[in-house]
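Everything on this sheet refers to the single structure shown next.
What follows is calculated from the coordinates using simple rules that are stated; it is not laboratory data. What you see is a predicted model; the values in this text were computed from it and never measured. For neighbour counting, all protein chains shown are included, and Cβ atoms are generated from backbone atoms with ideal geometry for every residue, glycine included.
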Amino acid sequence: MEQNEFPVKKVVLGVAAVVVLLFAVFLGGSIVETNAPDTYQIKQSAIYGEMSVKMDPGMWWQWFGTITTWPKAETFFFTADHNEGKLADQSIEVTFNDGSACKISGTCRVSMPNIEQEAIALAMKHGFRSHHDVENKLLLPVIRNALNRTANLMSARESYSEKRPEYVNWAWDQVQNGLYEIDEEIHKEKDPVSGDTVTRIVKVIRRDTKGNVVRQANPFHGTGISLSNFEIKNFVYADKVKEQIAAQQQALMAVATARANAQKAEQDALTEEAKGKAEVMKAKYEEEQKKVRAVVEASKEKEVAETAAARELSVAKLQKQVGETNAQREVEVAKLQRDAAEANKQRNILDGQGESEKKRMIMEADGALKQKLDAYIEVNRLYADAIAKYQGHWVPSVVMGPSNQSGTTNGAQALIDMLTVKTAKDLALDLEVKGQKKEEKK
């Protein structure tokens, strides 16, 4: 029995090992899961259906739950180029306000939610089971509506030429922020080809009283999805539309050429007219310049004359002031001289009076003895000189009076004595020495 039990255990163990191996092979993928770096995974638990998210790369427990893998970011293609996106034509067809059709190709970068709650809400609340659902049910309708709504605001020719930048900007604005509300307006416009005024119904962007654009709700709000790098790569017009656009462009070019020629002719006429006016204005200006020059010269001569007159007047005035100053100075000098002469006169009078009084007093004191003696000496000197010149010519004829001791009489001496006496008498000079007389009397 013991020998039989050993093989049985071996068989049981072998079967168990096979079962575990089979379980690991067929059910191992439902136990653990690995998240790649460029994705995130949403798991719904097997029993209670709870939702959880794995944002970081690496392995995590699945435990038989349901896992969906989402790209963190992707490029959405709406192109006809088979080298991008799917092999099928993914371009979006639009219709312009003139009824022309066109297929538009482009791309847009899409970033999925990076927060666990937003990722779960995108799956549960918004009902998107995969990123393909997001592409087909959200991205494509929003971009298609934005492209068509923008096409309704212009004609095919305008999208081809002057409004191409507006088309791209308006489409991207609506994709990001919500579709425009559109109004219809009746416009009277001048046809660019015929030049006639036509009435058209034009679709325009609705605006509120403050001028802000009125929009529909943004479908991406609250989803955690963000868009970037929106690009319209190509406009593929229908053949008829291309022919129509070409015809319109050719007509416009012809109109533009004709208008340019007309404008050139008009400009040439204006140029000639302007040239003639310029010549007239030039001649007029030259005449005016001559007049101005003559006025300036006359004004200059007038200023020179006025300046010279003013200078002469100033000189005359200055000379007058100098003359008045000199006259006043001469008057003052004359007055000073007169005062000086008067003072000198008074001084001379006083000096004369003093000298006269002095001499009078001296004369009263000595009887003018000095003057009399001087006169007496001078008279005798003159008599002596006269007698000396005629000495030897005297001839005495009569002898009067006493004789000298020799018994002869000197006539000259007698004459001198007589003249001396006369002079002394004329001068009332007393030649007697009074002191000697007193002594002789004694």
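Within 10 Å, count the other beta carbons around each residue, average over each peptide in 336-345, 109-118, 152-161, 56-65, and list them highest first.
152-161, 109-118, 56-65, 336-345
If you bin every alpha carbon distance in the stretch 85-208 into 10 Å steps from zero, what whole percent lands in each bin?
11, 34, 29, 17, 7, 3, 0
Could you bin all the Cα-Cα distances of the stretch 31-70 into 5 Å bins starting at 0 and give me the percent of pairs in each, rounded to whole numbers?
Percent of Cα pairs in each bin: 7, 27, 38, 19, 7, 2.
Ranked by Cβ crowding within 10 angstrom, fewest neighbours first, how are 173, 208 ordered?
208, 173
Looking at the stretch 35-110, which GluC sites (Glu not before Pro) are DSSP coil and have at most 11 other C-beta atoms within 10 Å of their C-beta?
The qualifying sites are 50.
Setting aside same-chain residues fewer than 8 positions from residue 188, which aspartates and glutamates have a Cα under 12 Å from its Cα?
Counting by Cα, and skipping residues close in sequence, residue 188 has these aspartates and glutamates nearby: 196.
Label point 7 Å out from residue 38 along Cα-to-Cβ: which residues of the stretch 58-90 have amide N under 19 Å?
58-59, 68-78, 83-87, by backbone N distance to the label point.
May I ask you to list the aspartates and glutamates whose Cα is less than 14 Å away from that of residue 370, ignoring any residue fewer than eight positions away on the same chain?
Correct list for residue 370: 378, 430.
Show me the ranking of peptides 376-383, 287-294 by mean Cβ neighbours inside 10 Å, starting with the highest.
Order by mean packing, descending: 376-383, 287-294.
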